[in-house]
Amino acid sequence: MKHDFPKGTSLALIAGMYVFALCIGVRAFAWAVDVMPEVWALLVADVVMTVLIWGFGLAYENVSIYDPYWSVIPPTMFTAWALYKHCFTLPVILLLVAVWWWGIRLTGNWVWTFKGIGHEDWRYTRYRETQSPFLFQVTNFFGLNMVPTLVVFACMLPGFGLFEAAGPANALTWAGFAICLASATLQLVADTQIHRFRAAHPGAVCDVGLWKRGRHPNYFGEVMMWWGVWLMYASLRGIDWLMLAPFAMTDLFLFISIPMMERRQLAHKPAYAAYRKRTRLFI
């Protein structure tokens, strides 16, 4: 049975869920760090928190309860790590500023578009309606909750690597920081433009501002955000296997999120086909 409450009550309820999950995550880390390397213990905490949020989604029959996890956990975890490591070097401070700006912007957009705990994102509803109950729950746990958590955690690894960097910030570190700030700001502008356009032109294809330059400027900003974090890491630690992390994020959008969005737009907006032909995928 679906649950529904006013938006304010729904937000407070979800905030309570996340505070509870964070508290349990801290306990999970405290247990795990005694038996495994610290970064693996962080992953254990991240997985435990994801399972809890997934469980709340089951209880309220709403996968969208997981949506703010994407933007809430990285800045919280990086800040907790800085306190745990007693590390506030300039590169770490730049990382925290960048990730908090990104997280506040993305969470703010989620709050703006959030309609209540009884409303589920169309992507999840589509899976519910087209899959058997058992297959949907498999997709829900792994594809809609755990895989995004693991991809974001992988993209956070270069950030954690900054805590071990010995050198001072250099030009590339500042370039990575600038890319992060610019990416989050680009997302803010893109979301503001599309919200205003949709309010003025319901059902039309948004092709103004950044949306005239690319079909998915908000997704472009998300991808570039994590390339910026990686560049900050690479500027001090060099190029290594962690370069795979932003590639994983890029692939997540190129092969899953964007194709799903494009199919929906083509199915519901006849003008989207012409827009698709004249406009690039990214900016």
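Data table
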quantity: 17 Å Cα-Cα reach of K85 towards aspartates and glutamates, excluding residues that sit fewer than 8 places from it in its own chain; calculated: D34, E38, E164
quantity: Area of H201 that stays accessible when all protein chains are in place (1.4 Å probe, Å², to 10); calculated: 90 Å²
quantity: 37 °C / 0.692 mPa s Stokes-Einstein diffusion coefficient of segment 139-237, Kirkwood radius on C-alpha pairs, µm²/s; calculated: 214 µm²/s
quantity: K277-D34 FRET efficiency (beta carbon distance; Förster radius 51 Å; 0.05 resolution); calculated: 0.30
quantity: Those aspartates and glutamates that a straight Cα-Cα span of less than 19 Å connects to K115, excepting residues fewer than 8 apart in one chain; calculated: D4, E61, D67, D191
quantity: Signed unit charges on C-beta, dipole axis of the chain, positive-most listed residue A41, L52, Y66; calculated: Y66
quantity: The chain: relative contact order as a whole-number percent, Cα under 8 Å and 6+ apart; calculated: 20 percent
quantity: Solvent-accessible area per residue for the chain (1.4 angstrom probe, square angstrom); calculated: 49 Å²
quantity: Binned Cα-Cα distance frequencies in the chain - 10 Å width, integer %; calculated: 6, 26, 35, 25, 8, 1
quantity: Extension gain, K115 back to L244 (0.36 nm per residue minus Cα-Cα distance, nm); calculated: 42.9 nm
quantity: Sequence of T130, T9 when ordered by accessible area, the most exposed leading, probe 1.4 angstrom; calculated: T130, T9
quantity: Dipole magnitude (debye, nearest 20) for the chain, charges at Cβ of Lys, Arg, Asp, Glu; calculated: 1200 debye
quantity: Computed [θ] at 222 nm, deg cm²/dmol, the chain (DSSP H ≥ 4; -39,500 (n - 2.57); rounded to nearest 500); calculated: -23500 deg cm²/dmol
quantity: Within the accessible area of the chain (1.4 Å probe), percent carbon and sulfur; calculated: 70 percent
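The values are calculated or read from the model by the stated rules, or taken from the named source; none is laboratory data. Computed from a predicted structure; not experimentally measured. Every residue, glycine as well, gets a Cβ built from its backbone with ideal geometry; the counts of neighbours run over all protein chains shown. In case anyone asks, the SASA skips ligands and DNA or RNA and just uses the protein heavy atoms, side chains included. Shrake-Rupley method; radii C 1.70, N 1.55, O 1.52, S 1.80 Å.
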